[in-house]
Amino acid sequence: MFANAANSTPAVPSRNALRVLRQLAFAGSTVGSVCGVAVITYDVHRRVRVAEQIIENKRTLHTSAPNYDATASAQRLAVMMEAAEAGEFMGLASLKNRKGYPGGKEEPLSEQTHAKPSPQHGARPTPNWFQPGPSGTISPPISNSSSDMRVRAENRVALAREAREADIARAAGKLPMEDRVRDLIREDREIEAAQLFMDTVPAIGGVTISMDRRDLLRQLFAANCMKGNIFIARSLFTHMEKLSEVDSKIWSTMMHLLAKEGHIESVGAIYEKHLTKLTVPSHLLEVIIRSLLESRRLTFAKHLFYTRIKHDDNGGLCGAYLDGLWRKTRKIELLKAEFNKILLALAELDRGPTEKVFNPMVKAYVEAGAFEAAEALATAMLSEFHVQPGCRTLGLVLYGKALQCDWEGVMSGLREMHELGFTKDKKSFALVFDRVFLEYYPTHTGPQIFDFLLTCINEFKIRPDKILHRHMLEAVVERCDTSCVKALTAMAEERKWNSGVEQYELVRILEARRLSMQDTPVGIWRMLQAAKQQYGSVASNRRLMGSDADNFSLRDSVLLPIHRDADKNFPESMKKLVRSRSMNTYMALAKRQEHHIHAAKFTKAMSAFRQASKSGHPIKPIHLQLTVIAILLESGLSGLRDAQKLINSEWPYWSRVPKTQFTPRFPRFVPIFFQQILQVECRQTSESTLLHIALFEFYKICEDTPTFNVKHHLSVAVARRLILKGQSDTAIGLLTAVYMSKWRRSLGFDQVQLKILMRAYARTGHIRGVWWCMMTVLSRQEPVLDDFLVEVKRLMPLLEQQYPQRDAQSQEESNVRTLGFIMKMLEEKAAGRPYWKEIYSCPEQKHRRRTQPPMQDVKSYDRLPSTSIQKLVQTFDEEMEMDFLQKRTQFDFDTVQSSWDENRMVTGLLVQPEEAEYPANVPEGKAAVA
């Protein structure tokens, strides 16, 4: 009983009980003495508890409201202290309705407006979603629901915890974290402020932060968004996700900024994570749908489009959706089904389609070879839907006629557009004519091309833009003589086209054409074969292959079904099949896997293969190779057995599957990549070796496959994942291997890779590596990207924290000062200072340095050079410095020349191949002389 009572809330004596105890104490008996002692003890304890509560509430109030102005601070503090002493203080929200508190219900609007502090001069505008409410807005009454009470209780706990943290910081002689962050924001150092906040406030599940810190976090996010620090804002957004502080406005702002910078995959990932909880604003619908289509998330794009089609006022959303579907799938049956579904949805909303809805469908018909269907749809626009075809629609129909080489129809169509007044829109008509002209000039002679140009320019009053003017020059240079080139140039000057194509552009075109003519195949047939070799497959006319799903065949010139009775039910069967299939399965399996691997979505690449394999999709060797690469990059050594099991099970099965006449057969031998994986043992191989094998095999596949793109996205994504896992050394080895491979020569080693490599060096405390990354960007003749500069500013405080107690004359202090100096030089180069045009790396000095023996020892190498920036940039050799970073042995030119001397290499220990005992150990005296 007493144990339970000790853990429960202590009972408080009533006034009558205290009065009886006081009377007994005054009676003077033994019992009275004991009761007197009890009364005094209880009174002392009660006063101590009240004092502790007042002090704790005072600290909380001082921490939560440090920046209030002095005008109303006395009144505000008096009300707060009165509430604290009365035990009624439940946070700042509880004082909004209290009489006498500034901003409460009973304060006049004029006084509130007068008491509002004025903004500082030169302050940046705040986003709309972060604007505080009007001063005269009456706050809603405090709700007594269980959820609101729980939120207020969590806020009080968070305020108390943050107050203790602030007291600890003050005791250590430092400012509280909130004050330091606000000071950094006022000094326009948002990057350091964001890093300080994320380091101080850990994003741990179940830990809540107070309302004040939430507002500070939103202010940090807004400040970095306004400064263009996209990746810092992305890190803050990830921090908000872990703290459950993301709402629709912050979500949409983050996606808008990422889409504006071209980070389409990040937009798709963020949308996919929060689509069930948050709502996309109407003005961002087209941006998000285009991003989802470009990132090959067709199912999510379809769901968002049909959910929000009611917000499409002019048909732009429908056109963007259909155009993206066609570019990613190239399936005309899918596009027809979606087009009909859109027409039904618009009819249910009592809306009619616009030209933007029809244009993607007309374009798909033309590019699929269904020219009659394209013309029929353009005719039906006016007759059935009462939509006047515009310049783009008629231009697509003319493009279809040009693909059929119907040049009489093209000229009549151009004249009809001129009569309708579409030639007044110079920009749109130039696009139409450019597409038609590119189909005209490869099949005509030089005089015909020049006459066609002069006729159209004079009759339709064409004013070429830069693209059309360049195409015209290329055609005239390739097919006509010098007189035509001079006449076209004189016409451009006389009529003042001002397209931006200057004289040097003509010279560049002439040089490019002269070089390309050296290896150009002769004849149309050889040109088709060259295109087939480059792109994997090519056809002179799409109509020959019957792209339309309504026509399919195996024999004869007419494409017909095997059973004629099936011809009647085939279109309906195809419609049912289209409705039942997932949207993502219309994309090629290899392209889906390639996209997922580039984006480091290895699990999705593996699931796509498993789904295709179970559904009976014909599996090719490239599908197996991409799946094995995804397994190794996802799991490393732990996934080696799964990769070996997949090779042993899938390769023999699919290699024995019967092939049709047009299905490519499996190679007779197992690829070398698979042989390497099968021979690898976990005990004898490191995880970094497996990652290198998988990464460079993927590079090789992308290079050998015509439809794949060779780029560095995968190496950056894998290195970033390794850094997050704490494997920075492995990330350094991976990126340096890419730097030393042939892919750097062909694709370069851009600033994004240098940024990730610098981050890995900073995590390991390798100052020389950080210096190499910064100097590499500084010495190249290219502008400094904002993302790289932001990363440098973010890492500098972390490097300084690694050496908190360093002497002013120490090597660490000198290195940190050198890095700070280079950071300032990067800022000046990014700002476009004119003197940076004259500072660049000198090839002669680099060559001279490479021929000299290395003079640096280990101690001098650890200290960063601190010469003038001009001399430092001119003598910097990034390849040689990378060798120093890898700790390779450096030889001077004389040593290398003596080691590879011709006489020494030829007169060495050789064995004559015609000896009977070959190969054998040759004695020292017998050496073959060449």
> In region 440-471, how many residues are touching a Cys at 6+ places or on another chain (Cβ under 8 Å) and assigned to a helix (DSSP H, G or I)?
Replying inline: 5
>> Being assigned to a helix (DSSP H, G or I) and not hydrophobic (A, V, I, L, M, F, W, C) is the filter here; which residues of region 313-337 pass it?
In response: G316, G319, Y321, D323, G324, R327, K328, T329, E333, K336
>> Which of the numbered conditions does R543 fail, given that it passes all the others? Conditions: (1) out of contact with any Gly (no Cβ under 6 Å at 6 or more places or on another chain); (2) part of a helix (DSSP H, G or I); (3) modelled with pLDDT under 90.
In response: (1)
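Quick check, is A600 assigned to a loop (DSSP other than H, G, I, E, B), assigned by TED's automatic domain parsing to the domain that holds K725 and under 20 Å from S715 (Cα atoms)?
yes
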> Can you tell me which residue in region 200-250 is surrounded by the fewest Cβ atoms within 10 Å (Cβ to Cβ), limited to those that are part of a loop (DSSP other than H, G, I, E, B) and among the charged types (D, E, K, R)?
Replying inline: D247
> For region 174-184, how many residues are surrounded by fewer than 19 Cβ atoms within 10 Å (Cβ to Cβ) and in contact with a Leu (Cβ under 7 Å, 6 or more places away or on another chain)?
Replying inline: 1
> If you scan region 261-310, which residues turn out to be more than 17 Å from the chain's Cα centre (by Cα) and among the small types (G, A, S)?
Replying inline: S282, A301
> Do you know which of the residues in region 451-462 that are surrounded by 15 or more Cβ atoms within 10 Å (Cβ to Cβ) and touching a Ser or Thr at 6+ places or on another chain (Cβ under 9 Å) is nearest to A430 (Cα to Cα)?
Replying inline: I462
> Among the residues of region 416-431 satisfying the criterion of being part of a helix (DSSP H, G or I) and either without any contact (Cβ under 8 Å) to a residue 12 or more places away in the chain or polar (S, T, N, Q) (or both), which is surrounded by the most Cβ atoms within 10 Å (Cβ to Cβ)?
Replying inline: T423
>> I'd like to check something: does region 752-760 contain any residue that is without any contact (Cβ under 8 Å) to a residue 12 or more places away in the chain and on the phi < 0 side of the Ramachandran plot?
In response: no
>> Within region 485-507, does at least one residue satisfy the condition of being under 23 Å from T443 (Cβ atoms) and under 40 Å from the mean Cα position of the chain (by Cα)?
In response: no
>> Taking the criterion of being of a type in the set (D, E) and buried (at least 19 other Cβ atoms within 10 Å of the Cβ), would at least one residue in region 679-691 satisfy it?
In response: no
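Listed here are the residues, each with its yes/no results for (1) over 22 Å from D406 (Cα atoms); (2) of a type in the set (D, E).
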{"position": "A430", "(1), (2)": "no, no"}
{"position": "F433", "(1), (2)": "no, no"}
{"position": "F437", "(1), (2)": "no, no"}
{"position": "D451", "(1), (2)": "no, yes"}
{"position": "L488", "(1), (2)": "yes, no"}
{"position": "R495", "(1), (2)": "yes, no"}
{"position": "Y504", "(1), (2)": "yes, no"}
{"position": "L510", "(1), (2)": "yes, no"}
{"position": "V522", "(1), (2)": "yes, no"}
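Determine whether G820 is surrounded by fewer than 19 Cβ atoms within 10 Å (Cβ to Cβ) and under 27 Å from the mean Cα position of the chain (by Cα). Steps first, please.
Details: surrounded by fewer than 19 Cβ atoms within 10 Å (Cβ to Cβ): yes; under 27 Å from the mean Cα position of the chain (by Cα): no.
For G820, the condition - surrounded by fewer than 19 Cβ atoms within 10 Å (Cβ to Cβ) and under 27 Å from the mean Cα position of the chain (by Cα) - is not met.
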>> For region 338-354, which positions are in a helix (DSSP H, G or I) and either touching a His at 6+ places or on another chain (Cβ under 8 Å) or surrounded by fewer than 19 Cβ atoms within 10 Å (Cβ to Cβ) (or both)?
In response: N340, K341, L343, L344, A345, A347, E348
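The values are calculated or read from the model by the stated rules, or taken from the named source; none is laboratory data. Since the model is a prediction, treat every value here as computed from it, not as a measurement. So basically every Cβ, Gly included, is an ideal-geometry build from the backbone, and we count neighbours across all protein chains shown.
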